[in-house]
Amino acid sequence: MIIKSTKGKTLYKSSRKSLKAALEDCARKGIDISGADLRRAVLSGARLDGLMAQGACFWGADLSGADLAASDLSGADLRAVNLKDCCLSGGCLNGADLSGAYFSQTLFDGAVLEKSTVTCPSFWSCDLHLAKSLKGLRYRHLGESEVILKIPPLVVRDATRRIVAGADFCLWGNFMVRDAAGPHAECE
């Protein structure tokens, strides 16, 4: 298996027959695959803890159940990625684009998400209080209204809906309220 960059440069040649096994080798051996083209990769359950993949493109990949603890994914393209049951604990996601990524039971303990971008409301299902830093994280609501986090918001859940309250915004049911007297925008 050959792992190439988004510009076509060979980053790693492996005798492994699957991309998943080749990437697990990279993580285990400390091989830097920054800028790798991993679009639509099926990496469900992969053991990728410690992976060095700054600026890698994972667009549309399946990382459900993957272990990416202590990985460096700074500036990575994680748009439309399935992160269900994924472990990102202790990882660095500074400046990562997580637009459209799906979150469910995703672990962020000790993770740094500074200046990252998130758009999917499933993000609020994660426990963000153990993340190391959310400073400058952007949540783009319906692709239009943007809030920038510094600290984890308060999330209250019941059986039918969720209330997310931050320093200057509140997502409640079908509405987003900004600064008590600010504009209202419908949400999903």
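The values are calculated or read from the model by the stated rules, or taken from the named source; none is laboratory data. What you see is a predicted model, and the numbers here were worked out from it, not measured in a lab. Here the Cβ is made from the backbone with ideal geometry for all residues, glycine too, and neighbour counts use every protein chain on show. When the accessible area is computed, the model is the full protein with side chains, heavy atoms only, and any ligands, DNA or RNA have been set aside. Shrake-Rupley method; radii C 1.70, N 1.55, O 1.52, S 1.80 Å.
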Taking the range 59-91, which residues are not in a loop (DSSP other than H, G, I, E, B) and not aliphatic (A, V, I, L, M)?
-> Asp62, Asp67, Asp72, Asp77, Asn82, Lys84, Cys87
Kindly check whether there is at least one residue in the range 96-119 that is assigned to a loop (DSSP other than H, G, I, E, B), at pLDDT below 95, surrounded by 16 or more Cβ atoms within 10 Å (Cβ to Cβ) and at negative phi.
-> yes
Does the range 8-59 hold any residues that are open to solvent by 50 Å² or more (accessible area, probe 1.4 Å), more than 21 Å from Val81 (Cβ to Cβ) and either in contact (Cβ under 8 Å) with a residue 40 or more places away in the chain or of a type outside the set (Gly, Ala, Ser) (or both), and which are they?
-> Lys9, Thr10, Lys13, Arg16, Lys17, Arg28, Lys29
Does Thr117 satisfy the criteria of being touching a Lys or Arg at 6+ places or on another chain (Cβ under 6 Å), of a type in the set (S, T, N, Q) and over 27 Å from Arg138 (Cβ atoms)?
-> no
Could you list, in sequence order, all residues of the range 134-174 that are open to solvent by less than 20 Å² (accessible area, probe 1.4 Å) and not in a loop (DSSP other than H, G, I, E, B)?
-> Leu137, Tyr139, His141, Val147, Leu149, Val164, Phe169, Leu171
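If you go through the range 124-133 one residue at a time, how many are assigned to a helix (DSSP H, G or I) and among the hydroxyl-bearing types (Ser, Thr, Tyr)? Reasoning before the result, please.
The initial filter retains those residues of the range 124-133 that are assigned to a helix (DSSP H, G or I), namely 124-125.
Keeping just the survivors that are among the hydroxyl-bearing types (Ser, Thr, Tyr) gives 125.
Going through the range 124-133 one residue at a time, the tally reaches 1.
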